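What follows is a short report on a single structure.
The values are calculated or read from the model by the stated rules, or taken from the named source; none is laboratory data. Note that the structure is predicted; figures quoted are calculated from it, not measured. Cβ sites come from the backbone with ideal geometry, for glycine too, and all protein chains shown count toward neighbours. Accessible surface areas use protein heavy atoms only, side chains included; no ligands, DNA or RNA. Shrake-Rupley method; radii C 1.70, N 1.55, O 1.52, S 1.80 Å.
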Amino acid sequence: MKRKVLVVAHGHPDFSKGGAEIAAYTLFQELNRRDDCEAWLLAANGIAGLQHTGTPFSARPREREMLFAGGTDYFLFSANNLSHLTQDFAELLRHIQPDVVHFHHYAVVGIEMLRVVRNTLPNAVIVLTLHEFLAICNRNGQMLKSNGSLCRNAEADPAECHACMPGRSPQDYFLRRQYIRSFFALVDQFVAPSQFLKERYVTWGLPSDRISVIENGQPSQPMPHASGTRASTATAHRFAFFGQITPYKGLEVLLQAFSQLPKADQKLARLDIFGGGQEMFEKEFQSRIEQHLESAHRNVQYRGRYAPEDFGRLVATVDWVIVPSIWWENSPLVIQEARLHSKPVICGDIGGMAEKVRHGHDGLHFQTGSAAALAETLQRCLHEPDLWGRLQSGIQAPPSIEMTADDLNRLYARRHQRA
Amino acid sequence: MPSAGVAPCCIDAAVSLADGLWIVGWVLAADIKSTTVTAGTTRGDADLIVRYWRQDVADHFGIERGNRPLLGFVVRVPVHGLPPKSAIELQFQTSESPATAKAELADPAQTDFANGLRAQWPLIGPALIRAHDPVGLMPLLRLMATPIGDRFGKFQFFVEPAISTGNEGLLVNGWAVDPDRELRHLYLSCSRTGRVLGDLATHWARTPRADVSERHVGTLTVGQDPGFIAWLPCSGTSDTGVTDHLYALAVLKDGRIARQDIKPSPALGPMASVQHVLRLFTESQPRLGDILESHVGPAIDAIWRHRTRSEPRLARQDFGSAPAAPDISVIVPLYGRYDFMRHQLAVFADDPAMERVELIYVIDDPNITTPALQLAEELSGLFRLPFSVISYNENLGFAGANNVAARIARGRVLILLNSDVMPVKPGWAPALAEQLASLPEAGIVGTTLLYEDGSLQHAGLQLRRLARWAGLPVNIHPGKGLSYVSTGQSRQVSGVTAACMTIHRKLYQELGGLDEGFILGDFEDSDMCFRASAKGHKIYCADVPMYHLERQSQSLAGDSWKHKVTLYNCWRHSKRLPANAVTSK
């Protein structure tokens, strides 16, 4: 008998290319590739025009790929339309009869889905992959305080949350935590892509043994041969930033660090910025980024957006990938991709990013948020002989989706036996 | 003109008013033995006669003051119903010669008469009100009154529309500036019935009125509060039109009479009337105790007791099938924030003990009935815990809501629970019921309530007199805000909050439930504890901790009407306490 796995995601990569959407979709595809699995996908979509009347469901033109008319508030992640869950989703569960329901998110789909699974299929294994700190932190799950400092309030203490975001009362934060916990209590096994994330959730109140650390593996590609030579044959080192240009990703720190490099070093270092999305943020942030770019030396180039499938081609042209995020990060996709392409990563010394890059072995850490520290690190890259080669040779391939699926399958089986 | 052979006598004016014929004139006689009036076939003897000095008559007859009679007279004869222009004859029997005079009744609606009389009023008025209770002279006084205005000099007053307090009186407020202490009476009267409802000047409590004080700077001495509030207990004040035809009559010591027609009161429902009354004073004002005790307190009490109450039309919806024979019924009133139901159900759902508990939500807020019922329906499908929702088309207040649910509850034990109370641990409901069953003579069991930060919110009530509130006893929560340390022990206390109150249903019914005379919801829990204690039951606070997400919506300072509802409830509570309830501690 094939194991039936229903993967639930908060978005479909056809419409939204976030890391969690891609991870869920990649898993769904990989499970279906296996003889012992039958995977279904239910991905929320927020596009009103795609929805049919009288049902929350619609489909992609591929087998077992469905869309769900989700919609939640952003505080409790409570479904706007509970009857879509308690009636329609329950009906779907009875129809598919999955052995495992693996949630890759609860936002957009509605946190109450967890209970609907438990109500409808008491014996189904419920797995939830945690992607960031959203259940802990209502500030976009970043655990970055409104005053810019890093938040260590993993208990989600209501008083501290209120002090950070006074728009809600401490009582509201208390209820939020209580409400989310009441649904998380129904989950058989959590998956955290990083040890760091797991620890935060253990502090928040999840039992340690209920969280497995399993990286969201990437579709495997041949790892380019670690040649020991840099992409650029010229003497200049090519550094690159990949990703969404958001206030949390720390591009400002990176641009400041570059402006602080001595004149002589400017000639030795080049920075390419790939990414977009700054228009989603406040004007003040956008104009700061523009000013930094305008006043930057000619060695700093903004290269615009890129499609995920172009990453390999683009990263091949650079020597170093810099992840200057000013928040903790969980398990940034860009680090995995840089590893896949044998590029040493320079990143902040905290959280999930510091966990995924081993300082001095396959990359370098710098004091998170400090342009001066990053500038110092950049100078080290430029002047320390053979540093690049040494770090590059230390890079190990990131986990592949096959490995992830193997791990998850074992987890499903273990849980299934217990159920 | 005087007739020959009898004492000279003359009628200056005669008029028929509501209380009889009033005749003013003069007679050259020192002592009048009796006075009779004949009008056609009707005869009557005077029931009132007042003499006063007539200088004009004395001058005419060359009489010197001091050794001669007062000359002037005012008599009232209880003869009713004579139309204007009726011919009357007045006969005096004196110790000397008799006197008679004839006249035609004036029309009181004609100003000639009033003006003629008013010209003599400075002489008549003081004599009349010195000799007789002005209440008995109202028809004449009203006729002689002039509208309050500049002609009264420094003396000014204004009476605002009155509020009928149930059918038991009127609550009146306004202001009076009287720097020279000229005022003798300030009557409130109804022009339709002629009833005098009371003398404000003997009832009122004076209150600050900054606006009036500002307008009368220099006239008022510092510390004189020009405002007043007065509750006049009297029956029939709800009768149609009473508050639409009120006037105030100020009787000054010099006999002058000032009148003010009071604007009709707006038609207010009981709650609006209560709000109106509460806006008439401030918590921080002087004489707060007197205002509560003699005016605001009894006035609101009367309004609230007399509010018309129909049996609420209850609608009941059962979600899921309730347990067959529940031992415990949990009653949760919902007011405003119905989303708490979501949060409670989310934690109740995974508490196995709740499967044996009857859970009743009471929507005590017609504004939320529709969305709350819709949410209940949705949550029922999700959480699958059976519960019932009672709704009705009014706001009964906290006591009323609990009482309604208690009447349909089936459990032997009731747990009254606020919607913002969240259990810390599963099994809380049977744990509380067990305490009620096992503690010696337990009638009511409250419990430890914690703020969301884990600090103590409630571990029993204690009465303490609050100086700022005229020394009324308020309930304090000893230990509030301090770190909570679990003891696992129940303690005997004098009262517990109804935010989480466990009580035998039988006792609840014996006590008649929570007292709905407290407005909105306050003090009825403490009141119930004292009533239970009076019947020999003991009150305990258990240590089954629950979170109470009470928001500090009102503090002990502030002047909102809701805040003053609390003050009223506090006063009402104090009136019902047993003598030894407040410890001197």
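With free of Cβ contacts under 8 Å to residues at least 40 places away in the same chain and either open to solvent by 10 Å² or more (accessible area, probe 1.4 Å) or not in a helix (DSSP H, G or I) (or both) as the only criterion, which of A:Ala156, A:Ala163, A:Ala135, A:Ala107 stands out? First the steps, then the outcome.
On the way: A:Ala156 fails: free of Cβ contacts under 8 Å to residues at least 40 places away in the same chain; A:Ala135 fails: free of Cβ contacts under 8 Å to residues at least 40 places away in the same chain; A:Ala107 fails: free of Cβ contacts under 8 Å to residues at least 40 places away in the same chain.
Being free of Cβ contacts under 8 Å to residues at least 40 places away in the same chain and either open to solvent by 10 Å² or more (accessible area, probe 1.4 Å) or not in a helix (DSSP H, G or I) (or both) holds for just one of A:Ala156, A:Ala163, A:Ala135, A:Ala107, which is A:Ala163.
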Worksheet item: Of these, A:Ser194, A:Ser169, which one is out of contact with any Leu (no Cβ under 7 Å at 6 or more places or on another chain), within 11 Å of chain B (Cβ to nearest Cβ), at negative phi and open to solvent by less than 10 Å² (accessible area, probe 1.4 Å)?
Response: A:Ser169
Practice prompt. State the number of residues belonging to segment A:112-132 that are within 14 Å of chain B (Cβ to nearest Cβ), assigned to a loop (DSSP other than H, G, I, E, B) and crowded, with 24+ Cβ neighbours inside 10 Å.
Written response: 1
Worksheet, complete the sentence: Picking from A:Leu92, A:Leu76, the residue that is within 14 Å of chain B (Cβ to nearest Cβ), modelled with pLDDT of 95 or more and out of contact with any Cys (no Cβ under 6 Å at 6 or more places or on another chain) would be A:Leu76
Worksheet item: Given (1) touching a His at 6+ places or on another chain (Cβ under 6 Å); (2) open to solvent by less than 20 Å² (accessible area, probe 1.4 Å); (3) not basic (Lys, Arg), where does B:His477 come up short, assuming only one miss?
Response: (2)
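In segment A:57-69, which residues are small (Gly, Ala, Ser), open to solvent by 30 Å² or more (accessible area, probe 1.4 Å) and touching a residue at least 24 places away in the same chain (Cβ under 8 Å)?
Our first condition is that a residue be small (Gly, Ala, Ser); within segment A:57-69, this holds for A:58-59, A:69.
Among the residues that remain, those that are also open to solvent by 30 Å² or more (accessible area, probe 1.4 Å) are: A:59.
The answer is none; no residue qualifies.
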Worksheet item: Hey, among B:Ser235, B:Ser265, which residue is touching a residue at least 60 places away in the same chain (Cβ under 8 Å) and within 12 Å of B:Ile163 (Cβ to Cβ)?
Response: B:Ser265
Response to the item:
Within segment B:315-336, restricting to residues that are part of a loop (DSSP other than H, G, I, E, B) and out of contact with any Lys or Arg (no Cβ under 9 Å at 6 or more places or on another chain), the one that is least open to solvent (accessible area, probe 1.4 Å) is B:Gly336
Item to complete: Could you check A:Gly351 against (1) without any contact (Cβ under 8 Å) to a residue 60 or more places away in the chain; (2) open to solvent by 10 Å² or more (accessible area, probe 1.4 Å); (3) within 27 Å of A:Asn140 (Cα to Cα) and say which number it fails?
Response: (1)
Worksheet item: Within segment B:277-287, can one find any residue that is at pLDDT 90 or above, in a helix (DSSP H, G or I) and buried (at least 17 other Cβ atoms within 10 Å of the Cβ)?
Response: yes
Worksheet item: Looking at (1) away from chain B (no Cβ under 14 Å); (2) modelled with pLDDT of 95 or more; (3) within 21 Å of A:Ile136 (Cα to Cα); (4) in a helix (DSSP H, G or I), which is the one condition that is false for A:Ser212?
Response: (4)
Discussion item. Which condition from (1) under 14 Å from B:Ser16 (Cα atoms); (2) touching a residue at least 60 places away in the same chain (Cβ under 8 Å); (3) not hydroxyl-bearing (Ser, Thr, Tyr) is the one that B:Ala99 breaks?
Written reply: (1)
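Could you tell me whether B:Phe61 is buried (at least 20 other Cβ atoms within 10 Å of the Cβ) and not assigned by TED's automatic domain parsing to the domain that holds B:Gly255?
When the stated conditions are applied, B:Phe61 does not pass them.
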Fill in: Hey, A:Arg390 outside the structural domain of A:Val300 (by TED's automatic domain parsing), out of contact with any Cys (no Cβ under 6 Å at 6 or more places or on another chain) and either open to solvent by 30 Å² or more (accessible area, probe 1.4 Å) or among the acidic types (Asp, Glu) (or both) or not
no
Worksheet entry | Single residue of segment A:172-191 satisfying the filter (of a type in the set (Val, Ile, Thr) and within 14 Å of chain B (Cβ to nearest Cβ)) that is farthest from A:Cys137 (Cα to Cα) | A:Val187
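Scan segment B:454-470 and give yes if some residue there is open to solvent by less than 60 Å² (accessible area, probe 1.4 Å), of a type outside the set (A, V, I, L, M, F, W, C) and in contact with a helix residue (DSSP H, G or I) (Cβ under 8 Å, 6 or more places away or on another chain), otherwise no. Even if it seems obvious, please write down each step before you answer.
Step one: list which residues in segment B:454-470 are open to solvent by less than 60 Å² (accessible area, probe 1.4 Å), which gives B:454-463, B:466, B:469-470.
Checking the rest, the ones that are also of a type outside the set (A, V, I, L, M, F, W, C) come to B:454-455, B:457-458, B:460, B:462.
Filter once more, so that each one left must be in contact with a helix residue (DSSP H, G or I) (Cβ under 8 Å, 6 or more places away or on another chain): none.
Checked against the condition, which is being open to solvent by less than 60 Å² (accessible area, probe 1.4 Å), of a type outside the set (A, V, I, L, M, F, W, C) and in contact with a helix residue (DSSP H, G or I) (Cβ under 8 Å, 6 or more places away or on another chain), segment B:454-470 yields no hits at all.
Look through segment B:352-395, keep the residues that are in a loop (DSSP other than H, G, I, E, B) and within 13 Å of another protein chain (Cβ to nearest Cβ), and return whichever of them is most open to solvent (accessible area, probe 1.4 Å). Before the answer, list the steps.
Let us first name the residues in segment B:352-395 that are in a loop (DSSP other than H, G, I, E, B), namely B:364-365, B:384-386, B:392-395.
If we keep only those that are within 13 Å of another protein chain (Cβ to nearest Cβ) as well, we get B:384-385.
Numbers: B:Arg384: 137, B:Leu385: 10 Å².
The residue in question is B:Arg384.
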Discussion item. Just the residues that are charged (D, E, K, R) and not in a helix (DSSP H, G or I), please, taken from segment A:89-104.
Written reply: A:Asp99
Discussion item. Could you check segment A:1-22 and list, in sequence order, the residues that are in a strand (DSSP E or B), buried (at least 24 other Cβ atoms within 10 Å of the Cβ) and not β-branched (Val, Ile, Thr)?
Written reply: A:Leu6, A:Ala9
Worksheet, complete the sentence: Restricting segment B:531-554 to residues that are open to solvent by less than 30 Å² (accessible area, probe 1.4 Å), over 30 Å from A:Ser169 (Cα atoms) and out of contact with any helix residue (DSSP H, G or I) (no Cβ under 6 Å at 6 or more places or on another chain), the one farthest from the other protein chains (Cβ to nearest Cβ) turns out to be B:Ala532
Practice prompt. Examine segment A:80-89 for a residue that is at pLDDT 95 or above and away from every other protein chain (no Cβ under 14 Å), and state whether such a residue exists.
Written response: no
